[in-house]
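Trainee: This is the structure I want to talk about, given as structure tokens.
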Amino acid sequence: MSTYASYRHLPSLAGVCSLDEAMKPGLAVEECVRRLKRYHYACRRLHQIFTARITAEPVYELKMGFSLHAHLCAEHTTALRKRVGEMREPPLGLEAVPDPNLEIFFDEILGAPGTEELLLGLYELALPALKAALEHHLQETNRLADHPTVRLCRFALLEVDDMLQFGAQSIAALVDAPCRERLADWRSLLEDCLAAAGGLDGTQPPSGKTVPRRYSAKPYAYDGVPKRDHRFPDPYNMGVNAEVFLYDPQFPPEPKTLMMFYKRLREVDVPEMMASIITETAGKPWDYYRDMTRQLWDEARHAMMGETGFANLGIDWPAKVMINSTWSLALNTQLKPIERHAVLYFIEQGLMPRNGKRFEWEVGLASHNPLAALFQDYDWADEVLHARIGRDWYLKDFSNPQAAVRYGDECWSRVLMNWENWRQQGLTQHRNWWPDLYRAACDRWGTKPDPKVLAYATTYQTVRADLKELTGSA
Ligand SMILES: [Fe+2]
Ligand SMILES: [Fe+2]
């Protein structure tokens, strides 16, 4: 074969690999599928952990990062399932645990008691093990025969590297040497799990060591109470009603962009709430989890668009804008998962008519703030997908669409927001922070505050009943 050459030295084998590489034995389909199931299990468990830890993670940047990483892991889980399904007839055995030691490994990370443990487990143990397995697969498989898997591994590695970079920076910022020292023991427990499993891909001889559970000795209990960091100093504040201002034609578009950035940033509560639905709903087809997690990530993006909008205006939002967490708190603690999904659907189906997302985009255009227009443009586009996800995974359980909307309305009406109660308990004074924010923005714009806009003081206390379809923003 040594004299064999391609025509005029054109790339042979479609450029996939060299002829020499194409002649190596590689992995048999049986072995390829066996390994793929282990990568699939890892991605699926990582998706579960990232999702479950969003709500109670106080640090905003980590909440956002976990939202993205949950989405990425869900997408790679989907690709791996599809590839296994291309090579094997059902049953595919994708729900089975491939190795009990891997189960302990991921259970331990899921149950990690603090943020530091969680970060180390995810970004210094689990994702590096996945990266090593994918790279090992690329080295060992026949790149011609197994090209669809090669492509899948290469794409996965791109995003695994992104996640690792985010993790390394986060750990450098949050985990110091004494903390690392304190966690050394648990870290070796995780390493023992991998060694007992013969590595994540199961290609090494298993150590034979029995690994005792520590943080997973008791079954994991999801914490659905949202937590926020110090940049959310007044989390019960419902003193500024964004929707009443936004829909009032007497107010000009420029200050309305501030209300839209506020509404967007407040959406940090949607991933907190959707994480609870995804975590507490068992037994759905995989595509349910994948679609819901895509939406969860979109809602995190919407929050970060609001953050970017304020940063672009030079506004110190933690000081000027009181972002509350009352919606995710109330839904997560008062409603069942299906009821929360019903509320989400009810709110989202109200966002599509003319007075919803299109209106917000038009306000953005009229305001001459190009960032507000761009963000609302994509926010609207995302909502088209979310409406479809709602139809696919919520609406189907009802005999007709009206009944589905009615149920959402009922569930939303049952939620107690305790406006006055929170004030009496001293949890918030519902301070009207609007004039302060508006003045700061006027300073940046170099304009004089409009007295009518400055005087805006409508809260969520009484107006909610009339505008209840407008009180949520997903
Ligand atoms: Fe949204
Ligand atoms: Fe949405």
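Here, each number is a calculation from the coordinates, and none is a lab measurement. Fair warning: this is a prediction, and the values are worked out from it, not measured in the lab. Methodologically, a virtual Cβ is constructed for each residue, glycine included, from the backbone with ideal geometry; neighbour enumeration extends over all protein chains shown.
Trainee: So what is the relative contact order of segment 1-71, in percent, for Cα pairs below 8 Å that sit 6 or more residues apart?
Mentor: 20
Trainee: Then there's this: If eta is 1.002 mPa s and T is 20 °C, what Stokes-Einstein diffusion coefficient results for the chain, Kirkwood Rh from Cα pairs, in µm²/s?
Mentor: It comes out at roughly 87 µm²/s.
Trainee: Kindly write out, for segment 340-351 in residue order, the coupling ³J(HN,Hα) from the Karplus curve 6.51 cos²θ - 1.76 cosθ + 1.60 (θ = phi - 60°), rounded to whole Hz, with x marking Gly and Pro.
Mentor: Once θ is set to phi - 60°, the couplings for segment 340-351 become 5, 5, 4, 5, 4, 5, 4, 5, 5, 5, x, 8 Hz.
Trainee: Could you work out the relative contact order of the chain, using alpha carbon pairs under 8 angstrom and six or more residues apart, expressed as a whole percent?
Mentor: Normalised by residue count, the contact order of the chain is 18 percent.
Trainee: List, in order, the whole-Hz ³J(HN,Hα) value for each residue of segment 97-107 obtained from phi through the Karplus relation with A = 6.51, B = -1.76, C = 1.60 and θ = phi - 60°; use x for Gly and Pro.
Mentor: Calculated HN-Hα couplings, in order: 7, x, 7, x, 6, 5, 5, 4, 3, 6, 4 Hz.
Trainee: Next question. From the backbone phi of segment 319-334, what are the Karplus-calculated ³J(HN,Hα) couplings (6.51 cos²θ - 1.76 cosθ + 1.60, θ = phi - 60°) in whole Hz, Gly and Pro given as x?
Mentor: 8, 9, 10, 8, 7, 8, 10, 5, 5, 5, 4, 5, 5, 5, 9, 10
Trainee: Do any of LYS256/LYS448; LYS284/LYS396; LYS63/LYS227; LYS37/LYS396; LYS37/LYS209; LYS256/LYS452 go past 19 Å between their Cα atoms, and which?
Mentor: The answer is LYS37/LYS396; LYS37/LYS209.
Trainee: While we're here: Summing Lys, Arg as +1 and Asp, Glu as -1, what charge do residues with Cβ under 12 Å from the Cβ of ILE315 carry, ILE315 excluded?
Mentor: Taking every Cβ under 12 Å from that of ILE315, the sum is -1.
Trainee: Quick one: which of 104-111, 123-130, 180-187 comes out on top by average Cβ neighbours within 10 Å, and what's the full order, highest first?
Mentor: Per-residue mean Cβ counts within 10 Å order the peptides as 104-111, 123-130, 180-187.
Trainee: For GLU280, project a label point 7 Å along Cα to C-beta. Then give me every residue of segment 300-330 with its amide nitrogen under 12 Å of that point.
Mentor: Those under the cut-off are 328-330.
Trainee: Starting from the amide H of MET238, placed 1.01 Å from N in the peptide plane, find each other amide H under 5 Å away whose residue is 5 or more places distant or on another chain.
Mentor: Result for MET238 returns HIS430.
Trainee: Continuing with the same structure: Efficiency by 1/(1 + (r/R0)^6): what FRET value for ASP229 and ARG34, r their Cβ-Cβ distance, R0 = 41 Å, to the nearest 0.05?
Mentor: Here the calculated transfer efficiency is 0.45.
Trainee: Something else: Given +1 on the Cβ of Lys and Arg, -1 on the Cβ of Asp and Glu, and no further charges, what dipole in debye does segment 365-474 carry about its Cα centre, rounded to the nearest 20?
Mentor: About 300 debye.
Trainee: Which distance in nm do the two modelled labels at GLN402 and ALA177 give, with both placed 7 Å along the Cα-to-Cβ direction?
Mentor: About 7.1 nm separates the two model spin labels.
Trainee: Ok, one more. Taking +1 at the Cβ of each Lys and Arg and -1 at the Cβ of each Asp and Glu, which of LEU122, PRO100, ALA133 sits farthest along the dipole of segment 95-135 towards its positive end, judged by Cα position relative to the Cα centre?
Mentor: Projecting each Cα onto the dipole axis, the largest value belongs to ALA133.
Trainee: Further, regarding this structure: May I ask you to work out the translational diffusion coefficient for segment 350-393 at 4 °C, viscosity 1.567 mPa s, via Stokes-Einstein with Rh from the Kirkwood sum over Cα pairs, reported in whole µm²/s?
Mentor: Working: Rh = 10.6 Å.
For these conditions, the coefficient is 122 µm²/s.
Trainee: Mind checking the dipole of the chain: about its Cα centre, +1 per Lys or Arg Cβ, -1 per Asp or Glu Cβ, Debye to the nearest 20?
Mentor: Computed about the Cα centre, the dipole is about 380 debye.
Trainee: Taking K and R as +1 and D and E as -1, what net charge do the other residues with C-beta under 15 Å from the C-beta of LEU371 add up to?
Mentor: After counting each charged neighbour, the total is 0.
Trainee: What do you get for the angle between helix 370-393 and the principal long axis of the chain? Use alpha-carbon atoms, 0 to 90 degrees, nearest ten.
Mentor: So the inclination is approximately 70 degrees.
Trainee: Could you give the angle, 0 to 90 degrees to the nearest 10, between helix 434-445's Cα long axis and the longest principal axis of the Cα atoms of the chain?
Mentor: Around 80 degrees separate the two axes.
Trainee: Does anyone have the angle between helix 127-140 and the longest principal axis of the chain? Alpha-carbon axes, 0 to 90°, nearest 10?
Mentor: Orientation of helix 127-140: about 40 degrees from the principal axis.
Trainee: Could you give the length gained by full extension between ASP185 and ARG358, i.e. 0.36 nm per residue of separation minus their alpha carbon distance, to one decimal place?
Mentor: Extending this stretch completely gives an extra 56.8 nm.
Trainee: Please express the Cα-Cα pair-distance distribution P(r) of segment 154-303 as a list of whole percents, one per 10 Å bin, running from 0 to the bin with the greatest distance.
Mentor: Using 10 Å bins, I get a P(r) of 8, 18, 32, 25, 10, 5, 2, 0 for segment 154-303.
Trainee: Okay, next question. What are the semi-axes of the equivalent ellipsoid of segment 211-285, taken as the square roots of 5 times the eigenvalues of the Cα gyration tensor, listed largest first and rounded to whole Å?
Mentor: Gyration-tensor ellipsoid for segment 211-285: 39, 16, 9 Å.
Trainee: So between HIS9 and ALA455, what do we pick up on full extension, going 0.36 nm a residue minus the alpha carbon distance?
Mentor: This chain segment gains 152.9 nm when fully extended.
Trainee: Where Lys and Arg each count +1 and Asp and Glu each count -1, what net charge lies around PHE245 among other residues with Cβ under 13 Å from its Cβ?
Mentor: Values: positive: LYS256, LYS263, LYS452; negative: GLU243, ASP248, GLU254, GLU360, ASP450.
So the environment of PHE245 carries a net charge of -2.
Trainee: Then there is this: Of the options PRO226, PRO205, TYR247, report the single residue whose Cα projects farthest towards the positive end of the charge dipole of segment 187-256 (beta-carbon charges: Lys, Arg +1; Asp, Glu -1).
Mentor: Result: PRO205, furthest along the dipole toward the positive end.
Trainee: Based on the mean of other beta carbon atoms within 10 Å per residue, what is the order of 426-435, 21-30, 53-62, most packed first?
Mentor: Ranking, from highest mean packing down: 53-62, 426-435, 21-30.
Trainee: With a bin width of 10 angstrom, please list the P(r) values of segment 37-79 as percents of all Cα-Cα pairs, from the 0 bin to the one holding the largest distance.
Mentor: Result returned by the calculation: 34, 48, 17, 1.
Trainee: Given only helices, namely DSSP H runs of n ≥ 4 each adding -39500 (n - 2.57), what is the per-residue ellipticity at 222 nm of the chain, to the nearest 500 deg cm²/dmol?
Mentor: Calculated at 222 nm, the ellipticity per residue is -19500 deg cm²/dmol.
Trainee: Sticking with the crude label model, points 7 Å out along Cα→Cβ, report the distance from ASN418 to VAL16 in nm, one decimal please.
Mentor: 6.1
Trainee: Right, something else. Going by amide H atoms built from the backbone, whose H comes under 5 Å of the H on TYR247, apart from near neighbours?
Mentor: Amide H neighbours of TYR247: none.
Trainee: Say the dipole of the chain comes from +1 at the beta carbon of Lys and Arg and -1 at that of Asp and Glu; which of ILE323, ALA403, GLY85 then lies farthest toward its positive end?
Mentor: Comparing the listed Cα positions along the dipole, ALA403 ranks first.
Trainee: Sort 192-199, 329-336 for me by packing, meaning the mean count of neighbouring Cβ atoms within 10 Å per residue, highest on top.
Mentor: Taking the mean over residues of other Cβ atoms within 10 Å, the ranking is 192-199, 329-336.
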